[in-house]
Amino acid sequence: MKVRWLVAVLLAASTGVVAAQQSQVPTTETALGSVRIPRSVKADGKDLKAGTYQVRLTAQDASPAVPGIKMERWVEFVQGGKVAGREVASIITPDEVKDTQQGPDLPGKQPKAGTRVDTLKGGDYIRVWITRNGVQYLIHLPPA
C-alpha cells in the first residue's frame, strides 16, 4: 500500500513539473518570428525555397525524437499568407536550459530574444533558433 502511495505522489510531482514547464509554451497557434532561410532546404520531407518566412507555432504536438528534449511541436513556415512548409521544433523551456549540454558552437550564441539562423558544420543542416519569452525553439532543416 505504501509503495502505491509513493508512486502516486512521485507521478503527481513529476506531472506538476512538466505541466509548469509546458505552461511557459503557448498552447494555441502563435507567431514566433520572422526568419530568412539562406538556401533551399527540406521541411517535413518537402522542398522549402530560400526566402523570408514567418514561423508559426502550431498547437499540434510531435513525438520527441531528440534525447533529452521533453517537448516538440510542429511549426509552419508562412510566406505571403500561405503555409509553404512545416517542420518539428524542439522546445526548451527556461528551466531546462541549464540541463542542456553546450556544444562548442553554442556557448553565448543562443539568442536571448529573437531569431538566429545558422548553417551547421559541414553544411548538413540549417538550424533555425528562435527565443521567445525565454523559451527556445530549435528547428533543423536538411538541404534540399
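Quick one: what are the phi-derived ³J(HN,Hα) couplings along the stretch 126-135, Karplus 6.51/-1.76/1.60 with θ = phi - 60°, whole Hz, x for glycine and proline?
These are the phi-based 3J(HN,Hα) values: 9, 9, 9, 10, 10, 10, 9, 6, x, 8 Hz.
Take K49 and V83, extend 7 Å from each Cα along the Cα→Cβ direction, and tell me the distance between the two endpoints in nm.
Result for the modelled spin labels: 2.0 nm.
Efficiency by 1/(1 + (r/R0)^6): what FRET value for Q60 and V97, r their Cβ-Cβ distance, R0 = 30 Å, to the nearest 0.05?
On the way: r = 24 Å, r/R0 = 0.80.
Efficiency for this residue pair is about 0.80.
No value in this document is a laboratory result; all are computed from the given coordinates. Quick caveat: nothing in here was measured; it's all calculated off a predicted structure. Counting neighbours? That spans all protein chains shown, and the Cβs are built from the backbone with ideal geometry, glycine included.
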